[in-house]
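Accompanying notes for the structure given below.
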Ligand code: FES
């Protein structure tokens, strides 16, 4: 019930969140896209997992510690905890905006509300931190951090909505089990160096002939589900036409984000003009 109310509130934020989202995307795309290595680092391609949620636990934990220290009258230690929280909040923001620039429509709107609230909380914590560096304690420095904490928690809820309800940055193949049986492909011809979309039972694959080798990956991009067969071949990889993720054809390894999960890979055999495939990884 609470979830439905919050979802309706968030959905109504088009007036300010959509134009602000466009502005955020323009700014961060201009910053990140010229340097794909930095963008991949921030997505977490090297980690095989989105980097943003791996960082966010640190500031939230630091702010909880600061609250407890404030309640027990340990001002200096609370200030240190808030300092740690601010540093890791900035790192989390850098990683989060790398993922954010590829969001669209509703997910972008939710991402805009989430990041705007976090920015407000960050400012409150910064002001609180600077006040705490002064010699004379003030109740305002504590109240600012308390309000900041409430905003962080509310914003974290929206971040959870983005992932667990709207499926942002989750692996599109999380529930696709492996198999060991060969399955017939519904094509009779696979021309060289051209992605071909083909069905193998219930699965849709993209098949590529490179020299004497035949390679196949699942056609649904692990990032946001676009069809890889509409992408292009680049240096032994297939590049998704939607946001530019690249997967190595020989094993499905993700080599460029925004995807951070590997693509299911299939081996292909050909006999008398018929093609069969079998999943190579059995997770
Ligand atoms: S759907 Fe985003 S890169 Fe493929």
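Springs join every pair of Cα atoms under 10 Å in this Gaussian network model of the chain, and among 15, 123, 65 the largest mean-square fluctuation is at 15.
Taking every DSSP helix (H) stretch of at least 4 residues in the chain, weighting each as -39,500 (n - 2.57) and dividing the sum by the residue count yields a mean residue ellipticity at 222 nm of -16000 deg cm²/dmol.
Using the Cβ-Cβ distance between residue 281 and residue 64 with R0 set to 51 Å, the FRET efficiency from 1/(1 + (r/R0)^6) comes to roughly 0.85.
Counting 0.36 nm for each residue step from residue 232 to residue 127 and taking away their Cα separation leaves a gain of 32.9 nm. The shape of the range 1-94 comes out oblate: with a ≥ b ≥ c from the C-alpha gyration tensor, a/c is at least 1.5 while a/b does not beat b/c. The separation of the range 28-104 from the range 208-283, counted between C-alpha centres, amounts to 32 Å. Given R0 = 51 Å, the distance between the Cβ atoms of residue 210 and residue 6 translates into a calculated FRET efficiency of 0.55.
Of the residues 61, 244, 44, the one that moves most in a GNM of the chain with alpha-carbon contacts below 10 Å is 61.
Can you give the percent of C-alpha pairs in the range 83-131 whose distance is more than 16 Å?
42
FRET efficiency for residue 15 and residue 106, Cβ-Cβ distance as r, R0 = 25 Å, nearest 0.05?
E between residue 15 and residue 106, to the nearest 0.05, is 0.95.
In the distance distribution for the range 2-165, Cα-Cα pairs more than 18 Å apart total 61 percent. Hey, what D do you get for the chain in µm²/s if you plug the Kirkwood alpha-carbon radius into Stokes-Einstein at 25 °C and 0.890 mPa s? Translational D for this selection: 116 µm²/s.
For a label point 7 angstrom out from the Cα of residue 174 toward its Cβ, which stretches of the range 130-168 have the backbone nitrogen within less than 15 Å? Answer for this model: 159-168. Put a dot 7 Å past the Cα of residue 136, heading toward its Cβ, do the same for residue 49, and the two dots end up 4.8 nm apart.
Relative contact order for the range 163-281: 25 percent, from Cα pairs under 8 Å spaced at least 6 residues apart, divided by residue count. Seen against the Cα atoms of the chain and their longest principal axis, helix 139-160 is set at about 20 degrees.
Equivalent-ellipsoid semi-axes for the range 147-283 (Cα gyration tensor, √(5λ), whole Å, largest first): 34, 16, 11. Just 139, 50, 191 to compare: in a GNM of the chain, with alpha carbon springs under 10 Å, which one fluctuates most? Top of the fluctuation ranking is 139. Expressed in units of 2.2 N^0.38 Å, where N is the residue count, the Cα radius of gyration of the range 141-212 is 2.08. Take the Cα of residue 143, step 7 Å toward its Cβ, do the same at residue 27, and the gap between the two points is 2.8 nm.
Here, each number is a calculation from the coordinates, and none is a lab measurement. This is a predicted model, so every value here is computed, not measured. Here Cβ is always computed from backbone atoms with ideal geometry, including for glycine, and neighbour counts include all displayed protein chains.
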